[in-house]
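Colleague: First, the structure itself, so that you have it in front of you.
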Amino acid sequence: MLPGLARLSEAGRRARDELPPSPAEVTVRTEPTVVCGDPELLAQAVRNLIENALKHGAAPGERARVDVVVAEGRVAVRDHGPGVAPALRERVFDRRTAGPGGGTGIGLAIVRWVAELHGGTARVGDAPGGGTTAELAVPEEPGASRR
């Protein structure tokens, strides 16, 4: 685990603000969340989660809608697209795995690497009502989550 503290809630807002203009709808809800780790690496991982949802999380011709929730050491990014087949959920984190929408897979590989570097996890699963939720979870700093 990396030394230092990072405001995961700030990483979520910052990632949204750094997105290029697009017709996509990205909503971010955050609770103050402080975790142990490197702020820049965590911000990159959050950006990668959001960018992946924007790229793969909508049916062709539809506007992407992405919901980001940051709370209790977790960033959950939900899209409203076709979802990820259960057999592919671990493979999406492999480097250079091309998904149905193409791509190299490096973004989610970085998310998993950052999660593990921080003593955390990265996973994808079904979102309630359809779509996919991709989640980054890292240990919170004891007593610091409400800073």
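Colleague: Taking segment 16-30, which residues are at pLDDT 85 or above and surrounded by 14 or more Cβ atoms within 10 Å (Cβ to Cβ)?
Modeller: Passing the criteria: A24, V26, V28, T30.
Colleague: Output the residues belonging to segment 1-50 that are touching a Leu at 6+ places or on another chain (Cβ under 9 Å), assigned to a loop (DSSP other than H, G, I, E, B) and under 18 Å from R65 (Cβ atoms).
Modeller: L19, S22, A24
Colleague: Counting only residues that are open to solvent by 40 Å² or more (accessible area, probe 1.4 Å) and assigned to a loop (DSSP other than H, G, I, E, B), which one in segment 60-83 is nearest to A115 (Cα to Cα)? Even if it seems obvious, please write down each step before you answer.
Modeller: Within segment 60-83, the subset open to solvent by 40 Å² or more (accessible area, probe 1.4 Å) is 60-63, 65, 67, 69, 72, 74, 78, 80, 82.
If we keep only those that are assigned to a loop (DSSP other than H, G, I, E, B) as well, we get 60-63, 72, 80, 82.
On the way: P60: 30, G61: 33, E62: 31, R63: 29, E72: 15, H80: 24, P82: 25 Å.
Looking at residues that are open to solvent by 40 Å² or more (accessible area, probe 1.4 Å) and assigned to a loop (DSSP other than H, G, I, E, B), I get E72.
Colleague: Find the residue count for segment 32-75, including only residues that are without any contact (Cβ under 8 Å) to a residue 40 or more places away in the chain and touching an Asp or Glu at 6+ places or on another chain (Cβ under 9 Å).
Modeller: Our first condition is that a residue be without any contact (Cβ under 8 Å) to a residue 40 or more places away in the chain; within segment 32-75, this holds for 39-40, 43, 47, 50, 54, 58-62.
This time we only want the ones that are touching an Asp or Glu at 6+ places or on another chain (Cβ under 9 Å), so: 39, 43, 47, 54, 58.
Residues meeting the conditions: 5.
Conditions tested, residue by residue: (1) touching a Gly at 6+ places or on another chain (Cβ under 7 Å); (2) modelled with pLDDT under 95; (3) in a helix (DSSP H, G or I); (4) open to solvent by 50 Å² or more (accessible area, probe 1.4 Å).
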| residue | (1), (2), (3), (4) |
| --- | --- |
| T97 | yes, yes, no, no |
| G130 | yes, yes, no, no |
| E135 | no, no, no, no |
| P142 | no, yes, no, yes |
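The values are calculated or read from the model by the stated rules, or taken from the named source; none is laboratory data. Please read these numbers as outputs of a predicted model, since none were measured by experiment. Cβ sites come from the backbone with ideal geometry, for glycine too, and all protein chains shown count toward neighbours. Calculation scope for accessible area: heavy atoms of the full protein, side chains included, ligands and nucleic acids excluded. Shrake-Rupley method; radii C 1.70, N 1.55, O 1.52, S 1.80 Å.
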